[in-house]
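Structure first, commentary second.
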Amino acid sequence: MVRVAILRFPGTWSERDFEHALSLVEAETEILWHTEVDLAPFDAVVVPGGFSYGDHVRAGAIARLSPAIRELRRFAAEGGPVIGSCNGFQILCEAGLLPGALIRNAGLEYISDWVRVRCEDDGTTFTRGLRDRVLRMPIGHGEGCFVADPATLERIEKEGLVLFRYVDERGIATAGSNPNGSAGNIAGLRNEAGNVVGLMPHPERAAEPILGGTDGLGMLRSLVEALGTAPALAR
């Protein structure tokens, strides 16, 4: 059975949602407090959403200094799959595991809504078979506007690091489909190796019909299916 570690920081609130959603794809999970973390026994790591450290300074800025992030960097450097959703995406960017940063939404308001995103790349552990699929998932954030300097944005596009873009119901990236003003309608990224991914939408909150949709379950199922057929990493 695939074993997934779910990191918890002060202010994290989505760890139980991920725990439940991953149980639906028969993954074994363990929620780990951020100060004492050993990721060696695990096959993948989730950095869930919430308001780590109350978003003081800026979202994810304090969490990146945690002992868990030092261990997460080691895990990722050795090829371990990592996914960060919402605050988890913010933390991954602050920690330098993904490029760019997330700042206050263009409208300076907290947004809680459902959005559509188009999967740009199916070459990651979390997106197998999802390329060009339009997924409907919820967002809930006040700092979800993705920004980067011009050179970094050019590199992100040139190297194909965009994993998800905000789109309309036709699958077209428009200004109206961009809820927070993100550059290039970017809703999610991957790193160069493809084993670290981050996105602002919540796949764990789109895992059952009663929640309003199941499009997020495909990402979690992709993880389990990919790791179930891959050789174990030597860590």
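The values are calculated or read from the model by the stated rules, or taken from the named source; none is laboratory data. Given the structure is predicted, the values throughout are model-derived calculations rather than measurements. Quick reminder, even Gly has a Cβ in these numbers, built from the backbone with ideal geometry, and neighbours come from all protein chains shown.
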Review point. Which number in (1) free of Cβ contacts under 8 Å to residues at least 40 places away in the same chain; (2) in contact with a helix residue (DSSP H, G or I) (Cβ under 8 Å, 6 or more places away or on another chain); (3) part of a helix (DSSP H, G or I) marks the one condition that GLU19 misses?
Key: (2)
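Conditions tested, residue by residue: (1) in contact with a Ser or Thr (Cβ under 9 Å, 6 or more places away or on another chain); (2) closer than 22 Å to ALA207 by Cα; (3) without any contact (Cβ under 8 Å) to a residue 12 or more places away in the chain.
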| residue | (1), (2), (3) |
| --- | --- |
| GLY129 | yes, yes, no |
| ALA151 | no, no, yes |
| ILE156 | no, no, no |
| GLY171 | no, yes, no |
| THR174 | no, no, yes |
| PRO179 | no, yes, no |
| GLY184 | no, no, no |
| LEU189 | no, yes, no |
Check your understanding: Which residues, taken from the stretch 93-105, are more than 20 Å from ASN178 (Cα to Cα) and either more than 17 Å from the chain's Cα centre (by Cα) or surrounded by fewer than 19 Cβ atoms within 10 Å (Cβ to Cβ) (or both)?
Key -> GLY96
Review point. Do we find a residue being of a type in the set (Lys, Arg) and either on the phi > 0 side of the Ramachandran plot or in contact with a strand residue (DSSP E or B) (Cβ under 9 Å, 6 or more places away or on another chain) (or both) anywhere in the stretch 153-168?
Key: yes
Review point. Out of the stretch 36-70, which residues are closer than 16 Å to PHE89 by Cβ and basic (Lys, Arg)?
Key: ARG58, ARG64
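For the structure I just gave you, tell me whether ARG165 is under 18 Å from ILE103 (Cα atoms), buried (at least 21 other Cβ atoms within 10 Å of the Cβ) and either without any contact (Cβ under 8 Å) to a residue 12 or more places away in the chain or of a type in the set (Lys, Arg) (or both).
The answer is yes for ARG165.
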**Study point:** Given (1) buried (at least 24 other Cβ atoms within 10 Å of the Cβ); (2) within 29 Å of ALA175 (Cα to Cα); (3) modelled with pLDDT under 95, number of the condition GLY123 does not satisfy
**Key:** (1)
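Got a sec? Which of VAL45, VAL25, VAL57 is outside any loop (DSSP other than H, G, I, E, B) and among the aliphatic types (A, V, I, L, M)? Step through it out loud before you land on a result.
Numbers: VAL25 fails: outside any loop (DSSP other than H, G, I, E, B); VAL57 fails: outside any loop (DSSP other than H, G, I, E, B).
VAL45 is the lone residue from the list that is outside any loop (DSSP other than H, G, I, E, B) and among the aliphatic types (A, V, I, L, M).
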Check your understanding: Which of the residues belonging to the stretch 106-138 are under 19 Å from SER177 (Cβ atoms) and among the polar types (S, T, N, Q)?
Key -> SER112
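How many of the residues in the stretch 96-139 are among the aromatic types (Phe, Trp, Tyr) and within 15 Å of ASN191 (Cβ to Cβ)?
So the first thing to find is which residues in the stretch 96-139 are among the aromatic types (Phe, Trp, Tyr), and the list is 110, 114, 126.
Right, trim to within 15 Å of ASN191 (Cβ to Cβ) and you get 126.
Summing the residues that are among the aromatic types (Phe, Trp, Tyr) and within 15 Å of ASN191 (Cβ to Cβ) in the stretch 96-139 gives 1.
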Point to revise | Subset tally (residues that are part of a strand (DSSP E or B), in contact with a Phe, Trp or Tyr (Cβ under 9 Å, 6 or more places away or on another chain) and within 25 Å of ALA175 (Cα to Cα)) for the stretch 70-120 | key: 9
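Give me a count of the residues in the stretch 106-120 that are surrounded by fewer than 19 Cβ atoms within 10 Å (Cβ to Cβ) and not β-branched (Val, Ile, Thr).
Step one: of the stretch 106-120, the residues surrounded by fewer than 19 Cβ atoms within 10 Å (Cβ to Cβ) are 106-114.
Among the residues that remain, those that are also not β-branched (Val, Ile, Thr) are: 106-110, 112-114.
Of the residues in the stretch 106-120, 8 are surrounded by fewer than 19 Cβ atoms within 10 Å (Cβ to Cβ) and not β-branched (Val, Ile, Thr).
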Point to revise | One residue from ILE172, ILE210, ILE186, ILE156 being under 24 Å from THR125 (Cα atoms), among the β-branched types (Val, Ile, Thr) and either touching a Phe, Trp or Tyr at 6+ places or on another chain (Cβ under 8 Å) or surrounded by fewer than 18 Cβ atoms within 10 Å (Cβ to Cβ) (or both) | key: ILE186
Study note, to complete from the structure: Conditions (1) in a helix (DSSP H, G or I); (2) modelled with pLDDT of 95 or more -> ILE210 fails only (2)
